[in-house]
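Here is the structure we will look at, set down as structure tokens.
The values are calculated or read from the model by the stated rules, or taken from the named source; none is laboratory data. All values reported here derive from a predicted model rather than from experimental measurement. Cβ placement follows ideal geometry from the backbone for every residue including glycine, while neighbour counts extend to all protein chains displayed. Just the protein is used for accessible areas: all its heavy atoms, side chains included, with ligands, DNA and RNA removed. Shrake-Rupley method; radii C 1.70, N 1.55, O 1.52, S 1.80 Å.
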Amino acid sequence: MITNYSFPNSRSLRVTWTLEELGLEYRCQHVVLDSGEGQTAEHLARHPDGKVPVIEDGELTLFESAPICRYLAEQYGDGRLLPESAAERAQVDQWLSFIVTEIEQPLWLQAKHKFALPQDKRVPSVLPTAAWEFQRALLALERRYQGQETLVGEKFTLADIFLTHTLTWAASMKHRLPEPLAAYRARHAERPALARAAEKEQEAAVDR
């Protein structure tokens, strides 16, 4: 049984969504980050910075959403979420890297300086620059996205999970998305596996 350490509306949803798409058996273990549970010795042994997501699969403990989801698809996907060809798998990895480092990064910078950091560490003056950086990353994405159903090939992949999740985060922060990308996000956000994943994380939080 895979254990998925999660917190609702965080990057752990990417992992839970991946688990649901693959139809794997797992349990969500809610980590009460807002009460300091992430900084306990027990959780720091799983994640060196006390964050989520983390999975435990047998003797393997793995943190960071991109390598976790890549591992799950590689180990259990049986052709799902990763393309068959090495070239297309490399394109998925390319997009995962771009999404995490270029699109997500300025969003997280905004989040940190709005609410995540301690009050005395927030620098509101960085917010306009972060918003500009996000829009610049969207323009770069638009150069390569021409309204196709999926980012890589003709099948839904990890790249689509990560982009849909990140664009949803952006929409929740009131960023304007270009219409083709807004439509892309809305289409994939309706996948039943995502609804199940969000419900599982919320149920785990309530159970705690």
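Of the residues making up segment 143-167, those that are assigned to a helix (DSSP H, G or I) and modelled with pLDDT of 95 or more are LEU158, ALA159, ASP160, ILE161, PHE162, LEU163, THR164, HIS165, THR166, LEU167.
Out of segment 25-65, which residues are aromatic (Phe, Trp, Tyr) and open to solvent by less than 60 Å² (accessible area, probe 1.4 Å)? Within segment 25-65, TYR26 is the sole residue that qualifies. Out of TYR76, TYR71, report the one residue that is of a type in the set (Ser, Thr, Tyr) and either within 18 Å of the chain's Cα centre (by Cα) or at positive phi (or both). Answer to the check: TYR71. Tell me yes or no: at least one residue of segment 105-119 is open to solvent by 60 Å² or more (accessible area, probe 1.4 Å) and either at positive phi or of a type in the set (Asp, Glu) (or both). The answer is no; no qualifying residue exists. If we scan segment 115-124, do we find a residue that is β-branched (Val, Ile, Thr) and part of a helix (DSSP H, G or I)? No, segment 115-124 contains no residue that is β-branched (Val, Ile, Thr) and part of a helix (DSSP H, G or I).
Residue-by-condition table, conditions (1) touching a Pro at 6+ places or on another chain (Cβ under 6 Å); (2) open to solvent by 40 Å² or more (accessible area, probe 1.4 Å); (3) farther than 22 Å from ARG80 by Cα; (4) assigned to a helix (DSSP H, G or I):
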{"site": "ILE103", "(1), (2), (3), (4)": "no, no, yes, yes"}
{"site": "ALA130", "(1), (2), (3), (4)": "yes, no, yes, yes"}
{"site": "TRP169", "(1), (2), (3), (4)": "no, yes, yes, yes"}
{"site": "LYS174", "(1), (2), (3), (4)": "no, yes, yes, no"}
{"site": "LEU177", "(1), (2), (3), (4)": "no, no, yes, no"}
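So, GLU25, is that one under 14 Å from ARG70 (Cα atoms), of a type in the set (Asp, Glu) and in contact with a strand residue (DSSP E or B) (Cβ under 8 Å, 6 or more places away or on another chain) or not? Criteria not met by GLU25. Residues that are out of contact with any helix residue (DSSP H, G or I) (no Cβ under 9 Å at 6 or more places or on another chain), open to solvent by less than 70 Å² (accessible area, probe 1.4 Å) and farther than 15 Å from ARG14 by Cβ within segment 66-84 comprise just one, GLY79. Each residue in segment 85-97 was checked for being in contact (Cβ under 8 Å) with a residue 40 or more places away in the chain, surrounded by fewer than 19 Cβ atoms within 10 Å (Cβ to Cβ) and not polar (S, T, N, Q), and 1 of them qualify. In this structure, GLU56 does satisfy being modelled with pLDDT of 95 or more, farther than 21 Å from LEU181 by Cβ and either within 12 Å of the chain's Cα centre (by Cα) or outside any helix (DSSP H, G or I) (or both).
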